[in-house]
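Working notes for the structure below.
The values are calculated or read from the model by the stated rules, or taken from the named source; none is laboratory data. Note that the coordinates shown come from a computational prediction; the quantities given were computed from them, not determined experimentally. Here the Cβ positions follow ideal geometry from the backbone for every residue, glycine too, while neighbour counts run over all protein chains shown.
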Amino acid sequence: MDGSIIGGLAVVFLAAVITNNILLTRFLGMCSFIAISRSMRNAWYMGLAVVFVTVCTALINYAIYFGVLVEGAPLLQTDLTYLTFIIFIATIAAFVQLVEMVIERFSSRLYNALGIYLPLITVNCAILGVNLFMIEPDMDISLIQSTIYALGSGLGFLLAICLMAGLRSKLEAADVPAPLRGLGITMIITGLMAMAFMGFTGMVQQ
C-alpha cells in the first residue's frame, strides 16, 4: 500500500480518536458515558461493545447507503436517501439484537459479562452519529476509510469512558465540596476532558 494512503488512513484514525472524539468533541453518547463510567470494569466492557458494534454497523450501513439508497446505486436507481435515518437506526437495532442472541446461545459467560450492555448500545446516539458522519458529502471517504473512521471513533469512546472511570474512582477519596458531588463534578471533569482533547486540534486534521 502506498505510503500516502497509509498516512491518510492514520490521519483519519487519529482524528476520530482524539480531535474529533465522538464523546468529547461531538458530545454524543453522553448518557451511557455518565451512567456506565462509575466503575472501570463496566466502562471497559461498554467501550469494547461500542467498538465492535460501531465498526460492524458502519460497514453494513455504508453498503446499504451506497448500494441501495443513493441515486444511481448499483442495486436500485431511485434516490432513497430520505430514508437514511430510519434505515440506519433499524440496522443498528437489528444488529445488536442479533449479536445478543448469538452471544447468549454460544457463550453464556460472555453474555453475562457483556450482554447487559448490548441493549444500551441500541439507544446510544454515538453509534448512529458515526454512521451518519461517514456519509456526509464533505467527508467523501471510501469503504476502507469508513472502517478506519468507525474503528477510531469506537476506540475514542473506549478511551474517553475509561479515562472518566479512572478519574471517578480517584474522586472517591477526594474532598469534593458537597454541592458538586456526583453529577456536578462529573460534568466539570467532562468539560475539562473535552477541552484537553480539543487542545490537539490543528495537530491532526481530518
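Key figures for this structure:
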| quantity | calculated |
| --- | --- |
| Close pairs (8 angstrom Cβ cut-off, 6 or more residues apart or separate chains): modelled with pLDDT of 90 or more in the stretch 82-99, exposed (fewer than 13 other Cβ atoms within 10 Å of the Cβ) and not in a helix (DSSP H, G or I) anywhere | none |
| Residue selected from the stretch 46-84 under the condition buried (at least 19 other Cβ atoms within 10 Å of the Cβ) and aromatic (Phe, Trp, Tyr), by the criterion nearest to residue 152 (Cα to Cα) | 62 |
| Condition broken by residue 15, with the remaining ones in (1) surrounded by fewer than 18 Cβ atoms within 10 Å (Cβ to Cβ); (2) over 30 Å from residue 112 (Cβ atoms); (3) of a type in the set (A, V, I, L, M, F, W, C) satisfied | (1) |
| The lone exception for residue 77 - which of (1) under 20 Å from residue 132 (Cβ atoms); (2) part of a loop (DSSP other than H, G, I, E, B); (3) among the polar types (S, T, N, Q); (4) at pLDDT below 85 it fails | (1) |
| The stretch 103-141, subset more than 17 Å from the chain's Cα centre (by Cα) and charged (D, E, K, R), residue surrounded by the most Cβ atoms within 10 Å (Cβ to Cβ) | 104 |
| From the options 158, 132, residue that is assigned to a helix (DSSP H, G or I), without any contact (Cβ under 8 Å) to a residue 60 or more places away in the chain, out of contact with any His (no Cβ under 7 Å at 6 or more places or on another chain) and under 24 Å from residue 57 (Cβ atoms) | 132 |
| Enumeration of residues in the stretch 43-67 that are under 26 Å from residue 103 (Cα atoms), among the hydroxyl-bearing types (Ser, Thr, Tyr) and at pLDDT 90 or above | 54, 57, 62 |
| Looking only at the stretch 150-200, and only at residues there that are polar (S, T, N, Q) and within 19 Å of the chain's Cα centre (by Cα), the one that is surrounded by the most Cβ atoms within 10 Å (Cβ to Cβ) | 153 |
| Hits in the stretch 18-42 (condition: crowded, with 18+ Cβ neighbours inside 10 Å, in a helix (DSSP H, G or I) and either touching a Lys or Arg at 6+ places or on another chain (Cβ under 7 Å) or at pLDDT 85 or above (or both)) | 18, 19, 33 |
| Residues within the stretch 185-202 that are part of a helix (DSSP H, G or I) and among the hydroxyl-bearing types (Ser, Thr, Tyr), tallied | 2 |
| Filter pass, residue 100 being over 21 Å from residue 32 (Cα atoms), surrounded by fewer than 20 Cβ atoms within 10 Å (Cβ to Cβ) and of a type outside the set (A, V, I, L, M, F, W, C) | no |
| Output for the stretch 49-74, where each listed residue is in a loop (DSSP other than H, G, I, E, B) and either touching a residue at least 12 places away in the same chain (Cβ under 8 Å) or aliphatic (A, V, I, L, M) (or both) | 70, 73 |
